[in-house]
Amino acid sequence: MLILRNFTPTFGLPSPSPFGIKAIALLKMSGLAFENHPSDVRKAPLGKLPVLQDGDLLIPDSSRIQSYLEDTYDINFTEGLSAEQLAIGRAFQSMIEEHLYFIEVYGRWVDNNHLLQPLFASLPRFLQPIVQRMVTKNITKSLHQQGIGRHDRDYIYQVGSSHLQALSDYLAEKRFFFGDRAHAIDAILYAFIECIITPDIPTPLKDAAMQHQNLLRHAQRFKSEVME
Ligand SMILES: N[C@@H](CCC(=O)N[C@@H](CS)C(=O)NCC(=O)O)C(=O)O
């Protein structure tokens, strides 16, 4: 049985992490049996979750999990895609995971830090504010190092909105990103949109996402056809 080591479900999400949801989505798409287990991020091989456990083997990182499932279980998450579509998918994946992600993180940790207590609910009560302050300090530092955290709030959300606009424009009226069937990029799009729209965390990024009816329909479709 495959075990997915993940964060504890929070904010109405199966994982508060978009990468954690992406990994669940890929496993659902694979049709393989698996269990999603809340796990301690400090025990993860790279200090991050999700991690896939297959027997004694630990596979960190959602993209490495994808490659592992493809190589080991002969799952094809990009079946039928042309070289051009693969290139487009790759570019959108980078935009989402390497840039939009940090704007989502800003929306939670900088703009709405007071709403994040549920993330620490499993800790002893006296430790919760201490750990929250420590994690917030580390995340704020990583936003500064990444670069996005150096900009003003309006500009950060303006960039986030332009990413959402690009995703909405490319998706247009298609059922999934490249047509009728869901591929790996749909798992990624779903995971990151779900993390913006589902938690009760108000941000201009959420307002922008709610304007794109096709992104909302995509999330709903992916949820009902793949996740449930
Ligand atoms: N590239 C990794 C990113 C995973 C990641 O950034 N996970 C974050 C949560 S969204 C994490 O575990 N952070 C814990 C930490 O940095 O201490 C993937 O695709 O899985």
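Summary table
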| quantity | calculated |
| --- | --- |
| Relative contact order %, region 83-227, counting alpha carbon pairs below 8 Å whose residues are six or more apart | 27 percent |
| Lysine pairs meeting the criterion (Cα under 17 Å, 8 or more apart or interchain), as found in the chain | 6 |
| Chain lengthening between K43 and E173 when straightened (0.36 nm per residue, less Cα-Cα) | 42.5 nm |
| Computed label-point distance, nm, for sites N76 and V110 using a 7 Å Cα→Cβ extension | 4.3 nm |
| Net dipole in debye of region 73-133 [+1 Lys, Arg Cβ; -1 Asp, Glu Cβ; about Cα centre; nearest 20] | 520 debye |
| Gaussian network model of the chain, Cα within-10 Å springs - most flexible of M210, M29, M134 | M134 |
| Value at 222 nm in deg cm²/dmol, rounded to 500, when DSSP H runs of n ≥ 4 in the chain each add -39,500 (n - 2.57) | -16500 deg cm²/dmol |
| Radius ratio Rg over Rh of region 69-113, counting only Cα atoms, Kirkwood formula for Rh | 1.21 |
| DSSP bridge orientation in the chain - percent antiparallel, rounded to nearest 5 | 65 percent |
| C-alpha center-to-center spacing [region 95-109, region 10-71] in angstrom | 19 Å |
| Within region 92-220: Cβ-based charge dipole about Cα centre, in debye rounded to nearest 20 (Lys, Arg +1; Asp, Glu -1) | 460 debye |
| Rounded to the nearest 20 debye, dipole of region 1-90 from Cβ charges on Lys, Arg, Asp, Glu | 440 debye |
| Potential lengthening between R181 and F126 on full extension [0.36 nm per residue; Cα-Cα distance subtracted] | 15.0 nm |
| Simple spin-label estimate for S94 and D154 in nanometres, 7 Å along Cα-Cβ | 3.1 nm |
| Computed lengthening from M210 to E35, 0.36 nm per intervening residue step minus Cα-Cα distance | 59.9 nm |
| Reciprocal of mean inverse Cα separation for the chain (Kirkwood radius, Å) | 18.2 Å |
| Environment charge at P14 (Cβ cut-off 13 Å; Lys +1, Arg +1, Asp -1, Glu -1) | 0 |
| Tail weight of P(r) past 14 Å, computed on alpha-carbon pairs of region 82-166, percent | 69 percent |
| FRET efficiency, 1/(1 + (r/R0)^6) with R0 35 Å, evaluated for R133 and S162 via beta carbons | 0.60 |
| Charge-dipole axis of region 83-227 as Lys and Arg at +1 and Asp and Glu at -1 on Cβ define it, positive-most pick from V135, I188, I88 | V135 |
| Prolate/oblate/rounded label for region 2-73 (Cα gyration tensor, a/c 1.5) | oblate |
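None of the figures in this text is laboratory data; all of them are computed from the coordinates on show. Keep in mind that this is a model prediction, so the values were computed, not measured. A quick note on method: Cβ atoms are made from the backbone with ideal geometry, for glycine too, and the neighbour counts reach across all protein chains shown.
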